[in-house]
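This report refers to the structure that appears directly beneath it.
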Amino acid sequence: MTRYNNSLVLILVLALALNESRVVIGRQHVYVGNDLGEGLTLNLHCKSKDDDLGTHVLSYGQNQTWGFRTNLFGTTLFWCNFQWGNVSDSHEVYNAQETEMRKRTNTHWLSRQDGLYYYYHDAEEYELQYKWGTTKTKGN
């Protein structure tokens, strides 16, 4: 092999190793739960650029969970459309770059009547992340 071919092979091996390191670390998981209250149903439609997870109807106390591997470039994003009562909103629920900074493989969200809550693992509690109507993420 020529020096150029050796370099190309090395680059491909390193790229695959980087992707495999993400696999070894594990799949990412997102959990979105309905904590709106008894009798309130949450319609949830989540997607990424490549995957549309469809619409799910969650009763109080139920959650929608999915697992995946981030893309090679670490730019995977998922966002969800939330609809319940008179509320219809969209928010980002997974951003690979932010999640990797936190060194987490699980991302937990709860829908409550005042907004969307994110679970902070270090503090072991949910905190209000987005009030309904304050969308600043990927659109519908």
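Yes or no: the range 14-28 includes at least one residue that is open to solvent by 30 Å² or more (accessible area, probe 1.4 Å), in a loop (DSSP other than H, G, I, E, B) and either at pLDDT below 95 or touching a Phe, Trp or Tyr at 6+ places or on another chain (Cβ under 7 Å) (or both).
Checked the range 14-28: at least one residue is open to solvent by 30 Å² or more (accessible area, probe 1.4 Å), in a loop (DSSP other than H, G, I, E, B) and either at pLDDT below 95 or touching a Phe, Trp or Tyr at 6+ places or on another chain (Cβ under 7 Å) (or both).
The one condition from (1) more than 21 Å from Gly54 (Cα to Cα); (2) touching a Phe, Trp or Tyr at 6+ places or on another chain (Cβ under 7 Å); (3) at pLDDT 95 or above that Leu110 does not meet is (1). Of all residues in the range 50-103, those satisfying the criterion of being touching a residue at least 12 places away in the same chain (Cβ under 8 Å) and among the aromatic types (Phe, Trp, Tyr) are Tyr60, Trp66, Phe68, Phe78, Trp79, Phe82, Trp84, Tyr94.
Restricting attention to the range 115-140, which residues are part of a loop (DSSP other than H, G, I, E, B), surrounded by 11 or more Cβ atoms within 10 Å (Cβ to Cβ) and either among the hydroxyl-bearing types (Ser, Thr, Tyr) or at pLDDT 85 or above (or both)? Give the steps one after another, and end with the answer.
Of all residues in the range 115-140, those part of a loop (DSSP other than H, G, I, E, B) come to 121-124, 132-140.
Still in the list and also surrounded by 11 or more Cβ atoms within 10 Å (Cβ to Cβ): 121, 132, 134-135, 137-138.
Within the range 115-140, Trp132, Thr134, Thr135, Thr137 meet the criteria.
The values are calculated or read from the model by the stated rules, or taken from the named source; none is laboratory data. The structure displayed is predicted, hence computed values, not measured ones. A quick note on method: Cβ atoms are made from the backbone with ideal geometry, for glycine too, and the neighbour counts reach across all protein chains shown. What goes into the accessible areas is simple: the full protein's heavy atoms, side chains included, and nothing from ligands, DNA or RNA. Shrake-Rupley method; radii C 1.70, N 1.55, O 1.52, S 1.80 Å.
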